[in-house]
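Undergrad: One structure, pasted below without further comment.
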Amino acid sequence: MIQVIPAMDLINGKCVRLEQGDFSKSTLYGSSPVEMARKIEDAGFRRLHLVDLDGAKSGRPANLHILEAIAKSTTLMVDYGGGIKCTEDVENVYKAGAKIINLGTIAVKNPSLVFAWAQQFGADKIWLGADVFNKKLMINGWKVHTDIMIEDFIKPYADKGFKHFFCTDISKDGMLAGCATDLYRQLIKSFPGIELIASGGVSSLADIDELNLAGCAAVIVGKAIYEERIKLSDLKKYL
């Protein structure tokens with residue numbers, strides 16, 4: 001059974017969601033991050049995907065105080081990403097309470113450093129994120145296009161034993177218009193040893209069931225929860 005992981009995106013210490021990665025198209029949600037994290041925990045979830053959009057934009061984690069507050073107020077297992085660029089950043093994120101770091105830009109630009117972190121901290125504590133548009137990676141908070149195909153990004157990491165990859169189709173993200181299921185199906189077929197986590201576009205329970213049938217290990221759900229298109233109580237069967 002696919003696992004549902006609620007998501008929380010942060011700008012200026014507040015919960016937001018973007019449309020297609022566009023910072024000018026952000027929606028602010030009323031609940032404080034800690035309040036929302038408590039709601040997620042109270043609904044029976046044990047995971048939280050936390051994205052520091054300020055950090056992704058600036059190149060350095062900027063909301064570690066929010067991570068620390070969530071870690072102190074809940075027992076959620078948090079994976080945190082956004083602006084992680086050096087070993088000190090990694091140490092600070094773990095120290096603030098994250099159990100897993102999720103990496104995007106740095107994993108594209110400097111694989112050797114990520115391999116070193118895997119040796120130091122454990123590959124099981126690192127998730128690798130591929131943010132794609134037309135199957136090509138985008139980096140630096142979705143501001144920079146590359147010519148790197150997603151398969152060419154995954155392969156060297158999979159060959160080194162990394163298991164957890166989450167993939168966001170930027171054209172779907174924040175649009176509540178369905179998921180990139182065909183892409184995920186292709187990646188699972190090409191890399192049967194990985195655990196693929198879908199992200200972006202989920203708008204209904206039917207989308208989650210479709211991803212389950214496609215073989216995704218997990219799915220990150222954000223905007224649909226905040227706008228109550230999917231209620232946390234409706235997701236109990238995926239716990």
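Undergrad: Conditions: (1) at pLDDT 95 or above; (2) in contact with a strand residue (DSSP E or B) (Cβ under 8 Å, 6 or more places away or on another chain). Residue 87 meets all but one. Number of the miss?
TA: (2)
Undergrad: Considering only the stretch 158-239, give the strands (runs of 3 or more DSSP E) lying wholly within it that have at least 1 residues that are of a type in the set (A, V, I, L, M), modelled with pLDDT of 90 or more and loosely packed, with under 15 Cβ neighbours inside 10 Å. Steps first, please.
TA: On the way: elements: 164-169, 195-199, 218-221.
Strands (runs of 3 or more DSSP E) meeting the threshold: none at all.
Undergrad: Just checking: which of the strands (runs of 3 or more DSSP E) contained wholly in the stretch 54-143 hold 2 or more residues that are in contact with a helix residue (DSSP H, G or I) (Cβ under 9 Å, 6 or more places away or on another chain) and more than 20 Å from residue 6 (Cα to Cα)? Break it down stepwise before answering.
TA: Working: elements: 77-81, 100-103, 126-133, 136-139.
In the stretch 54-143, 136-139 are the strands (runs of 3 or more DSSP E) which contain 2 or more residues that are in contact with a helix residue (DSSP H, G or I) (Cβ under 9 Å, 6 or more places away or on another chain) and more than 20 Å from residue 6 (Cα to Cα).
Undergrad: Hey, among the residues in the stretch 200-239 that are small (Gly, Ala, Ser) and on the phi > 0 side of the Ramachandran plot, which one's farthest from the chain's Cα centre (by Cα)? Spell out how you get there, then give the answer.
TA: Of the residues in the stretch 200-239, the ones small (Gly, Ala, Ser) are 200-201, 203-204, 206, 214-215, 217-218, 222, 224, 233.
Now drop any that are not on the phi > 0 side of the Ramachandran plot, which leaves 200-201, 215.
Values: 200: 9, 201: 13, 215: 18 Å.
Checking each candidate, the answer is 215.
Undergrad: Has the stretch 77-95 got any residue that is among the basic types (Lys, Arg) and under 16 Å from the mean Cα position of the chain (by Cα)? Reasoning before the result, please.
TA: If we filter the stretch 77-95 for residues that are among the basic types (Lys, Arg), which is where we start, we get 85, 95.
When the remaining residues are screened for being under 16 Å from the mean Cα position of the chain (by Cα), the result is none.
Taking every residue of the stretch 77-95 in turn, none turns out to be among the basic types (Lys, Arg) and under 16 Å from the mean Cα position of the chain (by Cα).
The values are calculated or read from the model by the stated rules, or taken from the named source; none is laboratory data. Just so you know, these numbers come straight off a predicted model, no measurement behind them. All Cβ positions, glycine included, derive from the backbone under ideal geometry; neighbour counts span all protein chains shown.
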